[in-house]
Structures are given as structure tokens and as C-alpha cells.
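The values are calculated or read from the model by the stated rules, or taken from the named source; none is laboratory data. Since the model is a prediction, treat every value here as computed from it, not as a measurement. Every residue, glycine as well, gets a Cβ built from its backbone with ideal geometry; the counts of neighbours run over all protein chains shown. Side chains included, ligands, DNA and RNA excluded: accessible areas come from the protein's heavy atoms. Shrake-Rupley method; radii C 1.70, N 1.55, O 1.52, S 1.80 Å.
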Amino acid sequence: QVQLVESGGGLVQAGGSLRLSCAASGRTFSSDTVGWFRQAPGKEREFVSRITWSGVSYYADSVKGRFTISRDNAKTTVYLQMNNLKPEDTAVYYCAVTRVLGITVRPSSYSYWGQGTQVTVSS
């Protein structure tokens with residue numbers, strides 16, 4: 001069992017930045033792919049970004065060039081740096097882990113989820 005805790009959400013004006021963190025309780029991410037998803041009210045959960053255990057990252061087109069995923073060397077925390085935020089980025093952001101190989105963008109591929117952190121971008 002993996003427990004994930006997200007933090008760093010908040011209210012920001014359009015054009016601003018936030019950095020989200022995802023910390024694993026009781027273990028490292030040494031063999032996991034860690035993904036970020038988001039869900040806006042009335043919409044399905046959508047893929048944002050992911051980073052593999054070897055450090056390979058992948059982004060949704062909607063955030064490419066604005067968001068950066070990274071992890072610390074100890075592999076205990078994964079970050080999502082979000083720059084040039086837009087009102088359409090408003091959502092609850094979740095991190096999740098999987099050991100499925102490949103470009104894992106489907107929520108069903110991920111085994112463990114955090115509780116989410118709210119990001120609100122005002123216009």
C-alpha cells in the first residue's frame with residue numbers, strides 16, 4: 001500500500017505560477033511511474049504529466065511548455081511546476097503511481113492516488 005500526499009495548491013492569478021508536490025509515505029518512487037492528473041467540476045479526470053522511475057517525462061499537449069515535472073534525488077517527492085497558469089487549468093490535481101510500462105495516460109492504469117489539491121486560477 002502506498003499513501004500519497006499532494007500539496008502546493010492554491011489561488012493564483014492568470015499568468016502566475018504554483019509548484020505542486022507529491023510525497024510518498026513509507027517508501028520511495030524508485031520503481032514507479034508517477035503521474036499528475038486533474039479534474040475540473042463536471043469533467044472527467046484528465047492526464048497532465050508523468051515521470052518514469054528513470055526520469056523520462058511526458059506531458060499533455062495542453063500543458064506542454066508551461067508545466068515541468070521533476071523529482072528529488074531521493075525519489076521520495078515528485079513536483080509539478082506550473083507556470084503561465086490559465087483559468088482553464090483550474091481543477092483538483094491528483095498524483096498517482098503505476099508500474100505499468102509505456103506512456104501511461106489513462107487513470108485506470110494507476111494503482112494508488114492521493115487525495116488531491118485544489119488549484120484555482122483567476123482571470
Inter-residue pairs, beta-carbon under 9 Å, first closer than 13 Å to residue 1 by Cα and in region 21-43, second part of a loop (DSSP other than H, G, I, E, B) and modelled with pLDDT of 95 or more, 6+ apart: none
I want to confirm something. Restricting to region 18-51 and keeping residues that are in a loop (DSSP other than H, G, I, E, B) and in contact with a strand residue (DSSP E or B) (Cβ under 6 Å, 6 or more places away or on another chain), which single residue is least open to solvent (accessible area, probe 1.4 Å)? 32
Within region 71-105, restricting attention to residues that are at pLDDT below 95 and of a type in the set (D, E, K, R), which residue is nearest to residue 57 (Cα to Cα)? 71
Go through 54, 108, 62, 70 for me and flag whichever is surrounded by fewer than 20 Cβ atoms within 10 Å (Cβ to Cβ) and in a helix (DSSP H, G or I). 108
